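Read the structure below first, then the notes.
The values are calculated or read from the model by the stated rules, or taken from the named source; none is laboratory data. No experiment lies behind these values; they were computed from the predicted model shown. Cβ: placed from backbone, ideal geometry, glycine included. Neighbour counts: every protein chain shown.
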Amino acid sequence: MKALITGGGGYLGSRIARMLRARGDDVVILGRSIYPQHDEAGIRIIRADLRDATAIEKACQGIDAVFHVGALVGIWGRRKTYWDINVNGTKNVLNGCRIHGVRQLVYTSSASVVFDENALCGVDESQPYATRYLADYPETKAVAERMILAANGPTLATVALRPHLIWGPGDPHLIPRVIERARHGRLVQVGDGENLVDITYVDNAAEAHLRAAEALAAAASCAGRAYFLSQGEPVPLWPWLNEILAAVGVPKVTQTVSYRRAYRVGAMLEGVHRLVPTVREPRMTRFLAVQLAKSHYFDISASRRDLGYHPRTSTAEGVHCLLKSLGASCGRNFSSASGLG
């Protein structure tokens, strides 16, 4: 199989690229930078932006399967930029697939497409899209996901995967930001600390993408559908984070703030940052307050059944690998009682 990975230089995209290459596939990645590690592995690199329709169309030539992983992530930024990259960029990918007869398209979506202001406890894919979004990222991912699924047909089979909170060794986003904020005393527990949250180890998420492409190639029932991905075992968010902080020698989070207050502060800071644009994101937003205080975990029965997805790396094993990569002691016994196993 000849595969194209948009965002192939990113955290998840890189893992997918290496897994495909390891099994002998011809891999091309599309990104905005130079990636020496991929070049050394025999992976061809195309430097382009998702907003460049001509470049995206050319990149799809001769491709069997596209893994559309590239996106603008985060909880704050210019609304136009989110729409240009996440929505119009997806239109460009779909256009390239149609012009050059790509057969399979696996889209990396997000579980946040169904998340509004309410807790989500074990919901499955029947959960409707949110009717109101608190950030541009989940809104634009939802729009793009709808486009991907609507494009499914006899000549192009599509599927959308919704991994939730990807983490692991080399994570450039979630865990490093938590550690950095906690180290400087800027991390505050929002809510009562009892919320359960789904997480997804990066290699498990990457393998799910390969399985989805295989299922599409076999004309399986997954075509035209979306699937949640996770470890299959939600963790108590704040105890889980505190165990990681303790393992890397950073004080645990002890300061707390109520959900209602955090939400109000987030709304106020969003307003201030819109009036006085800044490159930095607000320390709190409404979306972040909800994410930190409410439970959000999902039923992954459908991905197990239709994609053959089974998280090979357990949460405990993943934490061990994460701490090792951070240079922390891995001699601790992470038990299920602490939420790490």
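Here is how the numbers come out for the structure above:
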| quantity | calculated |
| --- | --- |
| Enumeration of residues in region 188-214 that are under 14 Å from the mean Cα position of the chain (by Cα), assigned to a loop (DSSP other than H, G, I, E, B) and of a type in the set (D, E, K, R) | Asp198 |
| Evaluation of Val253 against (1) in contact (Cβ under 8 Å) with a residue 60 or more places away in the chain; (2) in a helix (DSSP H, G or I) (one fails), failing number | (2) |
| Every residue from region 215-243 that is within 21 Å of Thr315 (Cα to Cα), of a type outside the set (A, V, I, L, M) and outside any loop (DSSP other than H, G, I, E, B) | Tyr227, Phe228, Pro236, Trp238, Pro239, Trp240, Asn242, Glu243 |
| For Leu105: the one exception among (1) more than 21 Å from the chain's Cα centre (by Cα); (2) hydrophobic (A, V, I, L, M, F, W, C); (3) surrounded by 15 or more Cβ atoms within 10 Å (Cβ to Cβ); (4) at pLDDT 95 or above | (1) |
| Hits in region 120-140 - residues which are aliphatic (A, V, I, L, M) and more than 20 Å from Lys80 (Cβ to Cβ) | Leu120, Val123, Ala130 |
| Unmet requirement for His273, which otherwise passes all of (1) in contact with a helix residue (DSSP H, G or I) (Cβ under 8 Å, 6 or more places away or on another chain); (2) modelled with pLDDT under 95 | (1) |
| Leu30 in contact with a Phe, Trp or Tyr (Cβ under 6 Å, 6 or more places away or on another chain), not β-branched (Val, Ile, Thr) and not in a helix (DSSP H, G or I) | no |
| Odd one out for Asp116, checked against (1) within 20 Å of Phe298 (Cα to Cα); (2) in a helix (DSSP H, G or I); (3) modelled with pLDDT under 95; (4) charged (D, E, K, R) | (2) |
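Per-residue answers, yes or no, for (1) free of Cβ contacts under 8 Å to residues at least 12 places away in the same chain; (2) assigned to a helix (DSSP H, G or I); (3) surrounded by fewer than 15 Cβ atoms within 10 Å (Cβ to Cβ):
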site: Leu12; (1), (2), (3): no, yes, no
site: Gly24; (1), (2), (3): yes, no, yes
site: Ile56; (1), (2), (3): no, yes, no
site: Gln61; (1), (2), (3): no, no, yes
site: Gly70; (1), (2), (3): no, no, no
site: Trp83; (1), (2), (3): no, yes, no
site: Asn86; (1), (2), (3): no, yes, no
site: Asn92; (1), (2), (3): no, yes, no
site: Ile99; (1), (2), (3): no, yes, yes
